[in-house]
């Protein structure tokens, strides 16, 4: 024996109840998923600072600590952690950013296969002047084409 209501009006009320609460349940689920993703993003952004602190510990790594801290700064100032822009970003950090991005794109990751050299270079060119120093991207592309 089931617990279904005998009257059509009662069935309609139950369906309306589900329809009414469903967006709330979905909304809460999406909210918590987005919240977790945001927390992970914030933690991920801290890796430059954590790397800097680690590099400052042994005297041998001290000279490169600044490069570790600032290698996620963007040419347009939208990077992290300091929001540096253009030539405020040390040259070494700008070079590291291009090389690191190329390496990340051309290496297999658990969540995606590596990109081809041509696709990775096209992505670097697309982001030149926004994320990367455009002159360095041009030089990097030229160097890879020569080799």
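The values are calculated or read from the model by the stated rules, or taken from the named source; none is laboratory data. For clarity, every value in this text was computed on a predicted model and none was experimentally measured. Please note: Cβ atoms are built from the backbone with ideal geometry, for glycine as well, and neighbour counts cover all protein chains shown.
Looking at the range 57-84, which of its residues are surrounded by 15 or more Cβ atoms within 10 Å (Cβ to Cβ) and either touching a strand residue (DSSP E or B) at 6+ places or on another chain (Cβ under 7 Å) or farther than 19 Å from residue 100 by Cα (or both)? The answer is 75, and nothing else. Would you call residue 87 modelled with pLDDT under 95 and either part of a loop (DSSP other than H, G, I, E, B) or surrounded by 10 or more Cβ atoms within 10 Å (Cβ to Cβ) (or both)? So residue 87 fails the test. Could you tell me how many of the residues in the range 118-147 are outside any helix (DSSP H, G or I) and buried (at least 18 other Cβ atoms within 10 Å of the Cβ)? Going through the range 118-147 one residue at a time, the tally reaches 4. Name every residue in the range 101-117 that is surrounded by 13 or more Cβ atoms within 10 Å (Cβ to Cβ) and either in a helix (DSSP H, G or I) or in contact (Cβ under 8 Å) with a residue 40 or more places away in the chain (or both), in order of residue number. Of everything in the range 101-117, those that are surrounded by 13 or more Cβ atoms within 10 Å (Cβ to Cβ) and either in a helix (DSSP H, G or I) or in contact (Cβ under 8 Å) with a residue 40 or more places away in the chain (or both) turn out to be 101, 102, 105, 117.
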